[in-house]
1. Regarding residue B:42, is this residue among the small types (Gly, Ala, Ser), modelled with pLDDT under 95 and within 12 Å of DNA strand C (Cβ to nearest atom)?
2. Residue A:97 fails exactly one of the following numbered conditions: (1) closer than 19 Å to residue A:167 by Cα; (2) buried (at least 16 other Cβ atoms within 10 Å of the Cβ); (3) within 12 Å of another protein chain (Cβ to nearest Cβ). What is the number of that condition?
3. Would you pick out the residues in the stretch A:33-56 that are part of a helix (DSSP H, G or I) and within 11 Å of DNA strand D (Cβ to nearest atom)?
4. Which one of these does residue A:86 not meet: (1) more than 14 Å from chain B (Cβ to nearest Cβ); (2) open to solvent by less than 60 Å² (accessible area, probe 1.4 Å); (3) within 10 Å of DNA strand C (Cβ to nearest atom)?
5. Please work out if residue B:79 is more than 16 Å from DNA strand C (Cβ to nearest atom) and away from chain A (no Cβ under 11 Å).
6. Within the stretch A:60-79, can you find the residues that are in contact (Cβ under 8 Å) with a residue 60 or more places away in the chain and assigned to a helix (DSSP H, G or I)?
7. Give me the helices (runs of 4 or more DSSP H) completely within the stretch A:100-191, filtered to those with at least 2 residues that are within 8 Å of chain B (Cβ to nearest Cβ), under 13 Å from the mean Cα position of the chain (by Cα) and on the phi < 0 side of the Ramachandran plot, ordered by residue number.
8. Contact list please: Cβ distance under 6 Å, first residue in the stretch B:90-103 and over 18 Å from residue B:12 (Cβ atoms), second residue among the aromatic types (Phe, Trp, Tyr), pairs at least six apart or on different chains.
Number of protein chains: 2
Amino acid sequence: MSNLSTTSDEILACARSLIVAGGYNGFSYADISDVVGIRKASIHHHFPSKVDLVRTLVARYREEAEAGMANLERQVSGPLEQLRLYVGYWEACITDASAPFCVCALLASQLPVLPEEVGLEVRAHFRSLSAWLTSVLERGARHGQFQLMRTPRAEAEAFMATVHGAMLSARAYGDPKIFGVVTGPLLERLAPASLQIRS
Amino acid sequence: MSNLSTTSDEILACARSLIVAGGYNGFSYADISDVVGIRKASIHHHFPSKVDLVRTLVARYREEAEAGMANLERQVSGPLEQLRLYVGYWEACITDASAPFCVCALLASQLPVLPEEVGLEVRAHFRSLSAWLTSVLERGARHGQFQLMRTPRAEAEAFMATVHGAMLSARAYGDPKIFGVVTGPLLERLAPASLQIRS
DNA sequence: CTCTGTCTACCTTCTGGTAGGATGGCTGTC
DNA sequence: GACAGCCATCCTACCAGAAGGTAGACAGAG
């Protein structure tokens, strides 16, 4: 508990970036071993199996995501501003290429070949993100800041799907700007210019 | 050239469904061998390397996609109806679970770990799909059937991203209906009820 | 008699995983 | 303070199986 970055943290961070690049079957213990500078067997000491490693990694990712949402709830008042910051977060990640894809979105695409335990964590992330977006949209609609054409839930699902699709397109084109092109209009549509003055 | 379904066609079809399930690193020659009922070595006779197999597979997928778009251009007059059929095609694929994901969308998510030749084909698909959607939206806007809030290109990118995101969500939730929930409003937004009468 | 498609048999490298030994810090006891 | 024991971490060495791929034999069709 002494140093800020323990070996197991390093392993998790490394595995995360490898998963973001290529998914569950896109990396091996040997890859981590190369990057972290540790033997394969030592990784097994921290995470007995690959499933353990990835389950832990996704669980931690989920915690961070929930913490991020809670933070937006506490520190940001306006629903529109909350969504803007959420999208802005990803725009920054993609632009600086630090983590240009959501771990759970990537893993979800391979759900059929994922170990069950990992799949469950991935699904849970989708549910919790969708639930938060739903609550933000609902509040925005109540306050008259958003004009929803559907139920908050449906709009939230569409919002989430579009953000994920925008990540994919940015990767496919190899152009971070496309993420902004796709997500920008999303916010404008929810809150037409006439309602945006107060934000 | 005698039978309608040659061995190499069977291999391609099998590989396609395996890729749709788990991506490039999610299947092996042995998996195909099991399904098709042929030895691994025989697969190598048709496709010397895995890269050959997947490149061919994606190239063929692209041909089919272009043929599908050309077909819509020829046989369907209204831009709105074209988009409706495009979305409906995927809705059907997802509902009957026959091919519940776009091969290129799935591969695009793993672009960083894809062999370069495959990556090029995948990108080409994104460009051609986006170009077709742009032209459909442009035509619809000219004819007054669509109300675009952005350039046709930007709307096309958003449309494509949302469809891909909807596939992902349907998979994540394990619920085909979510695809319709997300994509339905897409069309309504482009062509508000007041303009939809004629379609 | 060649060419296509399939086979068996084999190779090399990678993969996730295990066994067991060295090191070194922490704790409890005298 | 010295010492024993314990435990966490990392190591070397190994394993079985899966990965993609090759060599060469055989059968049948043209």
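1. Against the criterion (among the small types (Gly, Ala, Ser), modelled with pLDDT under 95 and within 12 Å of DNA strand C (Cβ to nearest atom)), residue B:42 does not qualify.
2. So the condition that residue A:97 fails would be (2).
3. Once the filter is applied, which keeps residues that are part of a helix (DSSP H, G or I) and within 11 Å of DNA strand D (Cβ to nearest atom), the stretch A:33-56 yields A:33, A:36, A:40, A:41, A:42, A:43, A:44, A:45, A:46.
4. Looking at each condition in turn, residue A:86 falls short on (3).
5. In short, yes.
6. A:61, A:62, A:65, A:66, A:69, A:79, listed by residue number.
7. Per the criteria, A:103-109, A:116-142, A:152-173.
8. B:91/B:179; B:94/B:179
The values are calculated or read from the model by the stated rules, or taken from the named source; none is laboratory data. Computed from a predicted structure; not experimentally measured. With ideal geometry, Cβ positions are generated from the backbone for all residues, glycine too; neighbour counts draw on all protein chains shown. When the accessible area is computed, the model is the full protein with side chains, heavy atoms only, and any ligands, DNA or RNA have been set aside. Shrake-Rupley method; radii C 1.70, N 1.55, O 1.52, S 1.80 Å.
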